[in-house]
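Structure first, commentary second.
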Amino acid sequence: KNMLVILLTFAVLSSLNGVLSQGVFDPYSYTEASCTGNYQWTSWFDTNDPSLTQGDPEITSHIKQLFSDFMCSAPIAIEGQTSIDGSPTKTGDVFRITVKDGFLCLNPFVVGYKQKLCSDYKVRYCCPK
(Lines give C-alpha, C1' and ligand atoms only; values in the text may rest on other atoms or scores of the structure.)
Protein backbone atom coordinates (compact mmCIF):
# COMPACT_ATOMS: atom_id res chain seq x y z
CA LYS A 1 0.00 0.00 0.00
CA ASN A 2 2.81 2.45 0.88
CA MET A 3 4.59 1.64 -2.37
CA LEU A 4 1.42 2.38 -4.32
CA VAL A 5 1.07 5.76 -2.58
CA ILE A 6 4.70 6.61 -3.37
CA LEU A 7 4.28 5.54 -7.00
CA LEU A 8 1.07 7.50 -7.43
CA THR A 9 2.69 10.55 -5.83
CA PHE A 10 5.59 10.35 -8.31
CA ALA A 11 3.19 9.84 -11.22
CA VAL A 12 1.22 12.96 -10.26
CA LEU A 13 4.33 15.04 -9.61
CA SER A 14 6.06 13.92 -12.79
CA SER A 15 3.05 14.93 -14.84
CA LEU A 16 3.43 18.51 -13.63
CA ASN A 17 6.03 20.20 -15.82
CA GLY A 18 9.07 21.35 -13.93
CA VAL A 19 8.01 20.11 -10.49
CA LEU A 20 10.64 17.40 -10.37
CA SER A 21 14.20 17.97 -11.37
CA GLN A 22 16.28 15.10 -12.68
CA GLY A 23 15.96 12.87 -9.63
CA VAL A 24 13.34 11.62 -7.23
CA PHE A 25 13.58 12.24 -3.51
CA ASP A 26 12.55 10.84 -0.15
CA PRO A 27 11.08 12.78 1.48
CA TYR A 28 9.28 13.56 -1.79
CA SER A 29 9.05 17.26 -0.91
CA TYR A 30 12.87 17.47 -0.87
CA THR A 31 14.90 19.12 -3.63
CA GLU A 32 18.58 19.26 -4.48
CA ALA A 33 18.74 22.69 -2.84
CA SER A 34 17.13 21.45 0.41
CA CYS A 35 20.38 19.82 1.55
CA THR A 36 22.01 22.95 3.01
CA GLY A 37 23.31 24.43 6.24
CA ASN A 38 24.89 21.70 8.33
CA TYR A 39 24.10 19.08 5.63
CA GLN A 40 25.55 18.18 2.26
CA TRP A 41 24.98 15.61 -0.48
CA THR A 42 27.27 12.59 -0.60
CA SER A 43 28.83 11.50 -3.85
CA TRP A 44 26.70 9.22 -6.04
CA PHE A 45 26.63 5.49 -5.28
CA ASP A 46 25.92 2.89 -7.98
CA THR A 47 26.57 -0.43 -6.26
CA ASN A 48 24.67 -2.75 -8.60
CA ASP A 49 23.94 -3.16 -12.27
CA PRO A 50 20.50 -4.39 -13.32
CA SER A 51 20.33 -8.17 -13.14
CA LEU A 52 18.00 -10.72 -14.70
CA THR A 53 17.02 -12.14 -11.31
CA GLN A 54 16.19 -9.10 -9.22
CA GLY A 55 16.40 -5.71 -10.93
CA ASP A 56 18.52 -2.87 -9.61
CA PRO A 57 18.56 -2.44 -5.83
CA GLU A 58 20.68 0.34 -4.32
CA ILE A 59 20.35 -0.61 -0.63
CA THR A 60 21.14 1.95 2.09
CA SER A 61 22.57 -0.58 4.57
CA HIS A 62 24.75 -2.12 1.84
CA ILE A 63 26.08 1.31 0.84
CA LYS A 64 26.84 2.12 4.50
CA GLN A 65 28.89 -1.11 4.75
CA LEU A 66 30.76 -0.67 1.48
CA PHE A 67 31.45 3.06 1.78
CA SER A 68 31.60 3.76 5.50
CA ASP A 69 34.14 6.57 4.95
CA PHE A 70 31.81 8.39 2.55
CA MET A 71 28.38 7.63 4.00
CA CYS A 72 26.84 8.86 7.25
CA SER A 73 24.98 6.65 9.70
CA ALA A 74 21.77 8.73 9.70
CA PRO A 75 20.98 10.44 6.37
CA ILE A 76 17.95 12.73 6.29
CA ALA A 77 17.13 12.40 2.58
CA ILE A 78 17.92 10.35 -0.53
CA GLU A 79 17.91 11.18 -4.22
CA GLY A 80 17.77 8.63 -7.01
CA GLN A 81 18.62 9.06 -10.70
CA THR A 82 19.38 6.81 -13.60
CA SER A 83 23.10 6.19 -14.04
CA ILE A 84 23.03 8.66 -16.95
CA ASP A 85 21.48 11.46 -14.86
CA GLY A 86 17.89 10.93 -15.95
CA SER A 87 14.72 10.96 -13.94
CA PRO A 88 13.46 7.52 -12.84
CA THR A 89 9.92 8.74 -13.53
CA LYS A 90 10.67 8.77 -17.27
CA THR A 91 11.91 5.15 -17.50
CA GLY A 92 8.60 3.32 -17.14
CA ASP A 93 10.10 1.37 -14.23
CA VAL A 94 8.24 0.72 -10.99
CA PHE A 95 10.44 1.63 -8.05
CA ARG A 96 10.44 2.44 -4.37
CA ILE A 97 12.73 5.01 -2.74
CA THR A 98 13.14 5.56 1.00
CA VAL A 99 15.98 6.90 3.11
CA LYS A 100 15.85 3.77 5.25
CA ASP A 101 15.85 1.15 2.48
CA GLY A 102 17.37 2.94 -0.52
CA PHE A 103 16.22 2.65 -4.15
CA LEU A 104 14.54 -0.56 -5.27
CA CYS A 105 13.55 -1.37 -8.84
CA LEU A 106 12.21 -4.90 -9.27
CA ASN A 107 12.10 -6.48 -12.73
CA PRO A 108 8.72 -8.25 -12.42
CA PHE A 109 7.02 -4.86 -12.10
CA VAL A 110 8.62 -3.42 -15.26
CA VAL A 111 6.25 -3.13 -18.22
CA GLY A 112 7.36 -5.73 -20.76
CA TYR A 113 9.28 -7.73 -18.16
CA LYS A 114 11.59 -10.31 -19.75
CA GLN A 115 12.02 -8.03 -22.78
CA LYS A 116 13.13 -5.08 -20.60
CA LEU A 117 14.99 -4.97 -17.28
CA CYS A 118 15.09 -2.18 -14.75
CA SER A 119 17.26 0.74 -15.75
CA ASP A 120 20.59 1.27 -13.99
CA TYR A 121 20.22 3.62 -10.99
CA LYS A 122 22.40 5.57 -8.60
CA VAL A 123 21.64 7.26 -5.29
CA ARG A 124 23.07 9.92 -3.02
CA TYR A 125 22.19 10.95 0.53
CA CYS A 126 21.85 14.19 2.44
CA CYS A 127 24.17 13.80 5.45
CA PRO A 128 25.52 16.00 8.24
CA LYS A 129 28.76 17.77 7.26
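The values are calculated or read from the model by the stated rules, or taken from the named source; none is laboratory data. This is a predicted model, so every value here is computed, not measured. A quick note on method: Cβ atoms are made from the backbone with ideal geometry, for glycine too, and the neighbour counts reach across all protein chains shown. In case anyone asks, the SASA skips ligands and DNA or RNA and just uses the protein heavy atoms, side chains included. Shrake-Rupley method; radii C 1.70, N 1.55, O 1.52, S 1.80 Å.
If you go through the range 82-100 and keep only what is modelled with pLDDT of 95 or more and over 10 Å from the mean Cα position of the chain (by Cα), you end up with just K100.
Just one residue in the set S61, S73 is in a loop (DSSP other than H, G, I, E, B) and of a type in the set (G, A, S); that residue is S73.
All of (1) modelled with pLDDT under 95; (2) surrounded by 14 or more Cβ atoms within 10 Å (Cβ to Cβ); (3) in contact with a Ser or Thr (Cβ under 8 Å, 6 or more places away or on another chain) hold for K122 with one exception: (1). Does V24 fit the bill of being modelled with pLDDT under 85 and either crowded, with 17+ Cβ neighbours inside 10 Å or within 16 Å of C127 (Cβ to Cβ) (or both)? No; evaluated as a whole, the condition is false for this residue.
Give the residue, chosen from D93, D56, that is buried (at least 16 other Cβ atoms within 10 Å of the Cβ), at negative phi and in a loop (DSSP other than H, G, I, E, B).
Exactly one residue qualifies, and that residue is D93.
Where the second residue is aliphatic (A, V, I, L, M) and open to solvent by less than 80 Å² (accessible area, probe 1.4 Å) and the first is on the phi > 0 side of the Ramachandran plot and assigned to a strand (DSSP E or B) and lies in the range 32-45, which pairs have Cβ atoms under 6 Å and are six or more apart or on separate chains? Short answer, once both residue conditions are applied: none. Out of the residues in the range 101-119 that are assigned to a loop (DSSP other than H, G, I, E, B) and either within 20 Å of S61 (Cα to Cα) or open to solvent by 20 Å² or more (accessible area, probe 1.4 Å) (or both), state the one that is modelled with the highest pLDDT. Ranking the qualifying residues of the range 101-119, first place goes to D101.
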